[in-house]
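This report refers to the structure that appears directly beneath it.
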Amino acid sequence: MTKIITIITDCDNTLLPDAPSLLLKDNGINPQEFWDKISDMVKDKWDPPIAWMTELVNLMKDGKIKQNTNEKLKEFGTSIDVYPGAATFIDEMNETIGKELDVKIEGYVVSSGIESIMKGAKISQSFTDIFGGSLYEQNGVISGIKSSVTFTEKTKFIFAINKGISLQIREKPYDVNNFIDYSERRVPFENMIYLGDGPSDIPCFSMIQQKGGHSIAIDSADDWSKEWEYELRNREMKAFKPDYRQNSELRKELESLISAD
């Protein structure tokens, strides 16, 4: 039976630039002013993903964001330039190291971002599935939040991939709690590699590393926050620029981990 290796990644600032900020810019809205407002909301005890998604929906309702349907958001996703090699590295590695080692490499995105935008982006062509927050429509336009992916919510999708139930997790979220013996789980944690760029990825970093998998930090910004740098040092994690092309340092690291497994 062919061994399965999963590469699970965050999206914004890991596979592509921050999509919500690009959406704001496309509509003439200053991203810094927007995120400053979100910071104030978080201080007022809002959950971060709920806060910024709520504000985006309000801007759509006010006519300040023209992409006011999921189809328009998906179309906007097609315009985003992803990081070098991000759209093709899963397929390329399956054709090279995957065939060489007789392993199947699957890619999954688990992100707090907007799922419809990510599914429109070029990365969707080679990833098995993309999990993110979703917005619902009423009378043909976006009216509110259907689901959000918080920091620890990301681990739900990791367990779904581990148990082999990722295809049903949206319609049957409680199935993630079903007992499945470790010997019968589709993808053991030690066969997982998680990539992320910031503090929201720390629960996944910690869980996968504790269970024998691997975590890689992606440095997409010129200057990381001191808090993030401190967390990386504590976890003794390697950090790489988001270059997924063949012979890049990140690609070499991924291939090395797959070979070692």
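The values are calculated or read from the model by the stated rules, or taken from the named source; none is laboratory data. Remember, it's a predicted structure, so these values are computed and weren't measured experimentally. Don't worry about glycine lacking a Cβ; one is built from the backbone with ideal geometry, like all the others, and counts go over all protein chains shown.
Among the residues of the stretch 166-195, count how many are of a type in the set (V, I, T) and in contact with a strand residue (DSSP E or B) (Cβ under 9 Å, 6 or more places away or on another chain). Steps first, please.
Filtering the stretch 166-195 for residues of a type in the set (V, I, T) gives 169, 176, 180, 187, 193.
Checking the rest, the ones that are also in contact with a strand residue (DSSP E or B) (Cβ under 9 Å, 6 or more places away or on another chain) come to 169, 187, 193.
Total satisfying the criteria: 3.
Rundown of residues vs (1) farther than 27 Å from N94 by Cα; (2) exposed (fewer than 14 other Cβ atoms within 10 Å of the Cβ); (3) at pLDDT below 90, yes/no style:
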position	(1), (2), (3)
S220	no, no, yes
W224	yes, no, yes
E231	yes, no, yes
E236	yes, yes, yes
F240	no, no, no
Given (1) among the charged types (D, E, K, R); (2) in contact (Cβ under 8 Å) with a residue 40 or more places away in the chain; (3) under 28 Å from R245 (Cα atoms), number of the condition E137 does not satisfy: (3)
Exception for S134 within (1) touching a Ser or Thr at 6+ places or on another chain (Cβ under 6 Å); (2) more than 20 Å from S200 (Cβ to Cβ) falls at (2)
Single unsatisfied condition, V110 versus (1) under 23 Å from S143 (Cβ atoms); (2) in a strand (DSSP E or B): (1)
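Among what's in the stretch 1-28 and is β-branched (V, I, T) and surrounded by 15 or more Cβ atoms within 10 Å (Cβ to Cβ), pick the residue that is farthest from the chain's Cα centre (by Cα).
We begin by selecting, within the stretch 1-28, every residue β-branched (V, I, T); these are 2, 4-9, 14.
Checking the rest, the ones that are also surrounded by 15 or more Cβ atoms within 10 Å (Cβ to Cβ) come to 4-9, 14.
Values: I4: 20, I5: 17, T6: 13, I7: 11, I8: 7, T9: 5, T14: 8 Å.
Residue satisfying both the conditions and the ranking: I4.
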For the stretch 127-166, the count of residues that are closer than 26 Å to K104 by Cα, surrounded by fewer than 20 Cβ atoms within 10 Å (Cβ to Cβ) and hydroxyl-bearing (S, T, Y) equals 2
Only one of (1) under 20 Å from the mean Cα position of the chain (by Cα); (2) at pLDDT below 95 fails for Q32. Which number is that? (1)
Just checking, which of V42, V103 is of a type in the set (V, I, T), within 23 Å of P199 (Cα to Cα) and either surrounded by fewer than 21 Cβ atoms within 10 Å (Cβ to Cβ) or within 20 Å of the chain's Cα centre (by Cα) (or both)? V42
Would a scan of the stretch 47-64 turn up a residue that is of a type outside the set (D, E, K, R), touching a helix residue (DSSP H, G or I) at 6+ places or on another chain (Cβ under 7 Å) and more than 27 Å from I8 (Cβ to Cβ)? no
Can you tell me which of (1) within 23 Å of the chain's Cα centre (by Cα); (2) of a type in the set (K, R); (3) not in a helix (DSSP H, G or I) is the one K72 doesn't meet? (3)
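Restrict the check to the stretch 129-147 and report whether at least one residue is hydroxyl-bearing (S, T, Y) and in a loop (DSSP other than H, G, I, E, B).
No; the residues of the stretch 129-147 include none that is hydroxyl-bearing (S, T, Y) and in a loop (DSSP other than H, G, I, E, B).
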Give me a count of the residues in the stretch 1-55 that are in contact with a Phe, Trp or Tyr (Cβ under 9 Å, 6 or more places away or on another chain), touching a residue at least 60 places away in the same chain (Cβ under 8 Å) and assigned to a helix (DSSP H, G or I). 6
Matching residues in the stretch 178-203 - criterion: being modelled with pLDDT under 90, of a type outside the set (S, T, Y) and outside any loop (DSSP other than H, G, I, E, B): P199, D201, I202, P203
